[in-house]
Every structure is written in structure tokens, then in C-alpha cells.
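What follows is a short report on a single structure.
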Amino acid sequence: MKLRHILFGLLSSAAIFPGAASAQTVLRLAENQPDSNPITVAMYRFADLVKEYTDGEVEVQVFSGAQLGQEPETIEQAQAGIVDLTRVNSVVLANVSPSMGAFTLPYVFADWDHKYKILDGEVGDEVLSDLEDVGLKGFAYMDAGARSFYTVEGKPITSIDDLEGLKIRVQPAPISIRMMELLGAVPTPMNYGEVYSALQTGVIDGAENDFVSYHTSAHYEVAPNYVVDAHLSPPALLLMNKARFDGLPSDQQEAITRAADDAAMYEREIMREANEEARETVIEGGATVNGIDNAPFQEAVQPIYEEFPDLMPLLERIQAAR
């Protein structure tokens with residue numbers, strides 16, 4: 001009987017000894033968007049691919065809908081190792097890794113092809129490598145659509161003059177705040193989860209986002225005036241705690257990187273399609289969508305490029321590739 005207990009104890013603790021059978025590695029991923037958002041769909045695809053590419057050795061658990069917090073909080077959590085992974089927008093990430101701000105400047109990308117020529121090239125790689133200095137590992141860039149303005153009933157934007165004095169929610173980042181000031185609006189930073197009620201109660205007059213988020217957040221219900229000025233086209237990306245990544249076996253690191261790359265390519269495709277579908281859906285839901293001459297917008301924000309001199313070397317390389 002005593003021998004049986006000894007053998008049972010040895011078998012139960014085998015995982016702690018080198019060379020013994022290892023337990024499955026579980027990674028927690030924080031996502032602030034709902035399950036209906038294409039970027040969240042891509043995160044579930046990432047989780048499936050990680051399981052496939054590691055033969056089940058690594059499991060990624062996706063916590064969507066801001067269960068673990070909004071993006072500023074989950075970035076901090078990933079740095080601290082409280083969560084293993086988080087998917088965030090580059091606008092918020094620029095607060096932590098300043099070079100990321102180059103991709104969040106207004107009208108910085110000429111079009112889709114120019115955008116991914118930069119992001120998938122040397123400039124994109126250099127900006128990703130800067131994340132390591134703040135304890136993060138960055139993977140392939142994903143698409144977060146083109147951000148445009150939307151406002152509450154009775155306050156449509158038909159020209160840049162209509163922005164004067166409007167309280168517009170922005171992501172809590174210096175570039176976004178300064179851009180809004182240059183356009184004549186009153187920037188109102190707040191977390192994404194607070195925007196619907198702020199629009200509904202009149203705390204803010206409007207916000208800005210792509211069509212997918214405008215739809216999945218139901219902001220179109222309380223801010224039915226959408227104007228397509230496409231002032232920002234910042235990428236999104238998946239982050240991992242660097243120490244956690246470095247601590248994994250090399251084959252698992254390769255599998256996770258491969259899964260992230262494949263999920264990013266998948267996300268870009270479905271996000272483009274989803275933005276087109278979301279545009280039609282919000283119109284059917286009662287929103288008014290109008291185009292606008294954004295030349296005055298581009299002219300108004302010109303000073304911003306010189307106000308962030310540390311980003312000028314990157315900006316010059318981005319512009320040279322147009």
C-alpha cells in the first residue's frame with residue numbers, strides 16, 4: 001500500500017521534472033471588441049491555429065467584449081504578464097511605444113496598397129521591434145478600417161466648419177487629441193465602452209470610427225449622421241508579454257508567430273468585406289452616410305506633422321514610398 005502511494009506521488013508530480021510529460025500551456029488573450037467584430041473572429045481563428053500548429057500543446061483562451069478591460073488596461077496587463085496576449089489599436093499603443101504613432105497620424109497612408117507596403121516592410125518591422133523595449137512582442141499588423149466622424153441627431157457634419165465646438169470622443173492618445181483640436185472640435189478622450197451612453201445622454205456630440213465598429217457597437221442608433229472623411233487608418237495588432245513568449249520552446253514560438261501571421265492575413269480580408277457590409281447595414285438601420293471633400297481637413301491638420309518631430313524620420317520614409 002505504501003509503495004502504491006509512493007508511485008502515485010511520483011506520477012502525479014512528473015510534470016515538474018525535466019524530461020517528464022509537460023502539461024498543456026494555456027495563454028489568455030484580451031480582446032475589447034464583441035464576438036461579432038471581424039477582428040474578434042480573427043482572434044478565435046488565431047486560437048484555433050495555435051492549437052493546430054502546436055498539436056494541442058498550447059491553448060489560447062479568448063476573452064472578448066472587454067471582459068478583461070479596455071485597451072489601455074489590457075496593454076498594461078500584457079506588459080505586467082497579467083494576461084499573455086492582447087489585441088489593440090495602434091493609436092492607444094502609441095502611448096506606450098511612441099514610434100507606433102507614425103501610423104496614427106492623419107492621412108498618413110495614401111491607400112490600402114501604400115499602407116501595407118509600409119506595414120509589411122522595413123518600417124513596419126522597425127516599429128514592431130521597438131515594442132520589445134517596453135516588454136512586448138508584436139506580431140503582424142491587422143486592419144482596423146478607416147476612421148470617419150459620426151454625430152448625434154441635429155448635428156450633421158457637412159463641412160469642416162460644422163466641427164467647430166463639437167465635443168468629439170477620441171481615443172486617449174496625444175495625436176488624436178491634437179488632430180481634433182486642429183479641426184476645431186473639442187477632443188473628449190474616453191474608453192470605448194463608455195461611448196454609447198455618452199452619445200445617448202449628450203455628454204459628447206459625436207465620435208469617430210470605421211463602419212464595422214460603428215455597427216457592432218450600435219453607435220449608429222444614437223449618432224445616425226456618418227460622414228466619410230477617412231482621417232485615420234491606424235492598424236491593429238496582436239501583442240504578447242515578451243518574457244512569456246521568450247520562455248516558450250522555440251517550436252512553440254514559431255507556431256504562435258505563424259498562427260498570428262495567418263490570422264492577420266485572414267483578418268485583413270474579412271475586415272474589408274465587413275466594412276462594406278456594415279455600411280449597408282447601418283444605412284438600412286436608419287443612419288445617413290455622406291461623402292465629403294476632405295481637402296480642408298487635410299489642410300487643417302498639416303501642423304501636426306511638425307509638432308511630433310520624433311516621428312519625422314519615419315514619416316519621411318512613409319511619404320517617400322507613396
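Close amide H pairs (under 5 Å, H built 1.01 Å from N) link residue 139 with 238, residues at least 5 positions away or on another chain. Measuring r between the beta carbons of residue 111 and residue 258 and using R0 = 22 Å, the FRET efficiency lands at 0.20. Taking the Cα centre of the range 102-179 as origin and assigning +1 to Lys and Arg Cβ atoms and -1 to Asp and Glu Cβ atoms, the resulting dipole is close to 420 debye.
Residues in the range 238-262 near a label at residue 132, defined as backbone nitrogen under 18 Å from the 7 Å Cα→Cβ point? Counting backbone N atoms under 18 Å from the label point, the list is 238-258, 261. Of all lysines in the structure, the ones whose alpha carbon falls short of 25 Å from that of residue 167, not counting any fewer than 8 places away in one chain, are 155.
Using the Cα centre of the chain as the reference point, and only Cβ charges (+1 on K/R, -1 on D/E), how large is the resulting charge dipole? Debye, rounded to the nearest 20. The calculation lands at about 1100 debye.
If you take all other residues with their beta carbon under 11 Å from the beta carbon of residue 98, and give Lys and Arg +1 and Asp and Glu -1, the sum is -3. The phi-based Karplus calculation (6.51 cos²θ - 1.76 cosθ + 1.60; θ = phi - 60°) puts the 3J(HN,Hα) values of the range 95-101 at 5, 9, 10, x, 4, 4, x Hz, whole numbers, x for Gly and Pro.
Between residue 27 and 59, 60, 61, the built amide H atoms are under 5 Å apart, and every one of these is 5 or more places off in sequence or on another chain. Summarising the label geometry, the points placed 7 Å from Cα in the beta-carbon direction at residue 35 and residue 299 lie 5.0 nm from one another.
Computing Rg and the Kirkwood Rh from the Cα coordinates of the range 25-100 gives a ratio, Rg/Rh, of 0.99.
Every number here is computed from the coordinates shown, using simple stated rules; none is lab data. For clarity, every value in this text was computed on a predicted model and none was experimentally measured. Neighbour counts run over all protein chains shown; Cβ positions are idealised from the backbone, glycine included.
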